[in-house]
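The values are calculated or read from the model by the stated rules, or taken from the named source; none is laboratory data. Here the structure is a predicted model, which means the values were calculated and not measured. Every residue, glycine among them, receives a Cβ derived from its backbone with ideal geometry; neighbour counts consider all protein chains shown.
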Amino acid sequence: MPASAPIISPSVLSADFAHLGRDVELINDSDADWIHCDIMDGRFVPNISFGLPVLQAIKRYARKPLDVHLMIVEPEKYLEDFRKAGADLLTVQYEACTHLNRTLHAIRELGMRPGIAINPATPVELLRDSLADADLILLMSVNPGFGGQSFIANTWNRLQRLRALRDELSPDTLIEIDGGVNDQNAAGLLAHGADALVAGNFVFKAADPRAAIASLKTHTR
Ligand code: DX5
Ligand code: ZN
């Protein structure tokens with residue numbers, strides 16, 4: 001396969017919520033591909049971020065697809081609400097879904113691209129029977145709940161195992177890495193099989209966020 005540019009998905013969790021429109025415009029005017037939106041309910045994760053009205057507000061400014069990451073219990077209750085709010089990709093946590101197959105198919109039937117997020121302690125081999133139903137696997141490289149955490153080193157091993165499974169079972173499913181991504185680990189992650197990178201703090205705490213996005217985009221996969 002010829003080398004290609006990675007998909008970059010800046011996380012607005014690290015944006016300035018008092019200037020969200022401005023920060024979404026910043027992503028619009030950058031080399032980013034998607035806009036990562038982290039929805040936290042204070043139950044699946046020990047933090048509350050933002051919900052549907054804020055997502056709708058982001059959608060009004062966004063000129064790139066919304067990559068929505070649900071860190072909530074019972075996500076199946078809200079799929080249509082997230083479509084109406086503007087989600088293009090909708091990712092649910094493996095650990096939050098009793099009937100994952102049904103949920104992934106429901107997401108696709110609503111016209112969104114389904115994704116599965118998987119926590120650092122959940123073996124990637126548990127995705128064997130679900131990979132083909134997902135357009136995206138979001139491999140968590142931190143415990144979900146907060147921006148600005150350190151990358152967990154065991155992710156390297158997990159990514160290699162996930163990549164092998166993906167290549168065997170569902171070559172078109174994308175692998176996205178979320179948590180602690182920066183300019184130091186981006187090239188290695190892409191070399192180990194990632195297709196897409198989420199970055200929150202690395203982008204929004206940079207002096208020049210657009211340049212930070214551009215620096216991630218220069219690597220190849
Ligand atoms: C963490 C979220 C991430 C977060 C990443 O629970 O899922 O998307 O925004 O932030 P950084 O890149 O700062 O680790
Ligand atoms: Zn996320």
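Across the range 1-33, the number of residues qualifying as of a type in the set (Ser, Thr, Tyr) and over 17 Å from the mean Cα position of the chain (by Cα) comes to 2. Would you confirm, using the coordinates I've provided, whether VAL73 is under 14 Å from the mean Cα position of the chain (by Cα), part of a loop (DSSP other than H, G, I, E, B) and modelled with pLDDT of 95 or more? Considered against the rule, which asks whether it is under 14 Å from the mean Cα position of the chain (by Cα), part of a loop (DSSP other than H, G, I, E, B) and modelled with pLDDT of 95 or more, VAL73 comes out as no.
Kindly indicate which of ILE39, ILE35, ILE48 is within 14 Å of ligand 1 (Cβ to nearest atom), modelled with pLDDT of 95 or more, farther than 19 Å from ARG113 by Cα and among the aliphatic types (A, V, I, L, M). Full working, then the answer.
Numbers: ILE39 fails: farther than 19 Å from ARG113 by Cα; ILE35 fails: farther than 19 Å from ARG113 by Cα.
Of ILE39, ILE35, ILE48, the one residue that is within 14 Å of ligand 1 (Cβ to nearest atom), modelled with pLDDT of 95 or more, farther than 19 Å from ARG113 by Cα and among the aliphatic types (A, V, I, L, M) is ILE48.
In the range 160-177, the count of residues that are within 12 Å of ligand 2 (Cβ to nearest atom) and modelled with pLDDT of 95 or more is one or more. When each of LEU127, LEU138, LEU197, LEU131 is tested for being of a type outside the set (S, T, N, Q) and over 25 Å from PRO46 (Cα atoms), the lone residue that passes is LEU131.
Selection of first residues in the range 1-23 that are closer than 21 Å to GLY179 by Cα and away from ligand 1 (no atom under 12 Å from the Cβ) and of second residues that are among the acidic types (Asp, Glu) and part of a loop (DSSP other than H, G, I, E, B), restricted to Cβ pairs under 7 Å at least 6 apart or on distinct chains, gives the following pairs, ordered by first then second residue: PRO6/ASP195; ILE7/ASP33; ILE7/ASP195; ASP23/ASP16. Taking the stated definitions as given, is PRO53 farther than 30 Å from ALA187 by Cα and in a loop (DSSP other than H, G, I, E, B)? In short, no. The single condition from (1) away from ligand 1 (no atom under 14 Å from the Cβ); (2) among the small types (Gly, Ala, Ser); (3) touching a Gly at 6+ places or on another chain (Cβ under 9 Å) that SER150 fails is (1).
Could you check the range 189-221 and list, in sequence order, the residues that are among the hydrophobic types (A, V, I, L, M, F, W, C), surrounded by fewer than 19 Cβ atoms within 10 Å (Cβ to Cβ) and within 22 Å of LEU162 (Cα to Cα)? Walk me through it before giving the result.
Going through the range 189-221, the residues among the hydrophobic types (A, V, I, L, M, F, W, C) turn out to be 189-191, 194, 196-199, 202-204, 206-207, 211-214, 216.
In the following step, the residues that additionally are surrounded by fewer than 19 Cβ atoms within 10 Å (Cβ to Cβ) were identified as 191, 206-207, 211, 214.
If the condition is that a residue be among the hydrophobic types (A, V, I, L, M, F, W, C), surrounded by fewer than 19 Cβ atoms within 10 Å (Cβ to Cβ) and within 22 Å of LEU162 (Cα to Cα), then ALA191 is the only one that fits.
For beta carbons closer than 8 Å, sequence separation of 6+ or different chains, a first residue in the range 206-221 that is within 17 Å of ILE177 (Cβ to Cβ) and a second that is of a type in the set (D, E, K, R), the qualifying pairs are ALA212/ASP183; ILE213/ASP31; SER215/ASP183; LEU216/ASP183; LYS217/ASP31; ARG221/ASP195.
Can you tell me which of SER9, SER4 is assigned to a loop (DSSP other than H, G, I, E, B) and of a type in the set (Gly, Ala, Ser)? Of SER9, SER4, the one residue that is assigned to a loop (DSSP other than H, G, I, E, B) and of a type in the set (Gly, Ala, Ser) is SER4. When restricted to residues that are hydroxyl-bearing (Ser, Thr, Tyr), within 16 Å of ligand 1 (Cβ to nearest atom) and either buried (at least 19 other Cβ atoms within 10 Å of the Cβ) or at pLDDT below 95 (or both), the range 116-147 contains 1.
Conditions tested, residue by residue: (1) more than 26 Å from ASN119 (Cα to Cα); (2) surrounded by fewer than 15 Cβ atoms within 10 Å (Cβ to Cβ).
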residue: ASN28; (1), (2): yes, yes
residue: VAL54; (1), (2): no, no
residue: ARG60; (1), (2): yes, yes
residue: LEU70; (1), (2): no, no
residue: HIS105; (1), (2): no, yes
